Amino acid sequence: MSTLEVISILGIPVLLAGFLSINMGASGTSTAFAAAYGAYVIKKKWIPILFGIMVIIGAFLGGKEVSLTLGEGILPPELFTPIYTSVILFVIAISLFGANLMGVPQSTSQTTVLAIAGGAAALGKLNTDKLLYEIIPMWFILPFVGFTLTYIISKWIFPHIKTKSLEGDFEHIREYKGLKTALIISSLYVAFSVGANNVANAAGPIASLFFNEFGVVEINGWSVSMICLLIAAPLFGFGSYLLGFKITRSAGKEIVKITPFYATIIGIIVASLLFYASITQGIPSSLVQLNGACFIALSMTKSGRKLTLSNKTVRRFLSVWMVAPAFAFLVTYLLTLLVVDLA
């Protein structure tokens, strides 16, 4: 097959996957570095660089299982044709792009899964067991665990620990160099988990499309899934540079005034839960919702439930989190039906 033929088959889906990766990088930056940015321990210029490096490492070491889930577990891989793959990626990218413009970190994983599910449902090929009994339950369990751990730690454990570093504010963090280092490490850990889980949202469909069209599983000893992951990962860093800072400000400073100590704890909780879902379950999970759940739990212990739920940023986050995945499912479902009718 000539290069021109390959480009004609993969051109549009790959461009859409690239656009999606850029938008996911913008959204993922907030979950990785909102805490550190809110605590003023990382300069703005370093965030895209560090984020991009850790995403690439995470995708290389831990992204394969989630990529297989998205490429095979919801919709049979033979149905990832150029037209259906393009529809799925287009809807995901537009949904996330809108959320990024609003400055709201959106769940790339939920949007991706439900977009694929929408196309699969329209084709009558949806793997409902995988979706209903494995993936969706984890979307509720993991944020609940993150919320509960943060709430318990903030309300009943740390108040009994007598140390100035616990409540030290942003301006005095230089007095606690060990804490500053721990916060930076936790942010890098979150970025690593983004690579292990979220890069597959763009790479999984492309890998299945490539296999479906060319029947190739490996190229020079490298699996197609891994190659797609490593191509998509650097675009996350580029998206972080282009669009990430507005969302990082929203998540890091507009829900609750967070101390460097709590920022570190939240980063460790979030990254560990996501990494668990990636490595042991191969389930695409919502990093931004994990992060948001922890921030909301902290806000409730500091400001109270009523004040937290009346916070405009919290309300905007919750609204977009509910609407965007449903939008992705519905639009993909309708567009896929349209494509079937035209075909």
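Readers should treat all values here as calculations from the given coordinates under stated rules, not as data from a laboratory. Model, not experiment: these values are computed from the prediction. Neighbour counts run over all protein chains shown; Cβ positions are idealised from the backbone, glycine included.
Can you check what the net charge comes to around Val66, using other residues whose Cβ is under 15 Å from the Cβ of Val66 (Lys, Arg +1; Asp, Glu -1)?
That sum, taken over residues with Cβ under 15 Å, equals -1.
For the residues Cys294, Cys228, what sequence is obtained by ranking on other C-beta atoms within 10 Å, fewest first?
Ascending Cβ contact count within 10 Å gives the list Cys228, Cys294.
Determine which residues of segment 41-78 fall in the zone a paramagnetic label at Lys125 would reach in this model, i.e. backbone nitrogen under 13 Å from the point 7 Å along Cα→Cβ. The answer is 71-78. Neighbour counting of Cβ atoms within 10 Å sorts the residues Leu298, Leu126, fewest neighbours leading, into Leu126, Leu298.
Fewest to most neighbouring Cβ within 10 Å: what's the order for Ile83, Ile92? Mind showing how you got there, number by number?
On the way: Ile83 15, Ile92 31.
Listed from fewest to most nearby Cβ atoms, that is Ile83, Ile92.
Relative to the current alpha-carbon distance between Arg316 and Ile83, full extension at 0.36 nm per residue lengthens the span by 80.5 nm. Placing +1 on each Lys and Arg Cβ and -1 on each Asp and Glu Cβ, with no other charges, gives segment 10-342 a dipole about its Cα centre of roughly 1660 debye.
Summing +1 for each Lys or Arg and -1 for each Asp or Glu among the other residues whose beta-carbon sits under 14 angstrom from that of Ala120 gives -1. Neighbours of Lys155, meaning other residues whose beta-carbon lies under 12 angstrom from its beta-carbon, give a summed charge of +2 when Lys and Arg score +1 and Asp and Glu score -1.
Multiplying the residue separation of Val323 and Leu307 by 0.36 nm and removing their Cα-Cα distance gives an extension gain of 3.4 nm.
Taking each of Lys155/Lys306; Lys43/Lys180; Lys44/Lys312 in turn, the alpha-carbon distance tops 22 angstrom for Lys44/Lys312.
Measuring r between the beta carbons of Tyr40 and Leu330 and using R0 = 35 Å, the FRET efficiency lands at 0.30. Of the residues Val66, Val41, Tyr276, the one whose Cα sits farthest toward the positive end of the charge dipole of segment 10-342, with +1 on the Cβ of Lys and Arg and -1 on the Cβ of Asp and Glu, is Val41. Between Phe60 and Phe140, the FRET efficiency estimated from the beta carbon spacing at R0 = 41 angstrom works out to 0.90.
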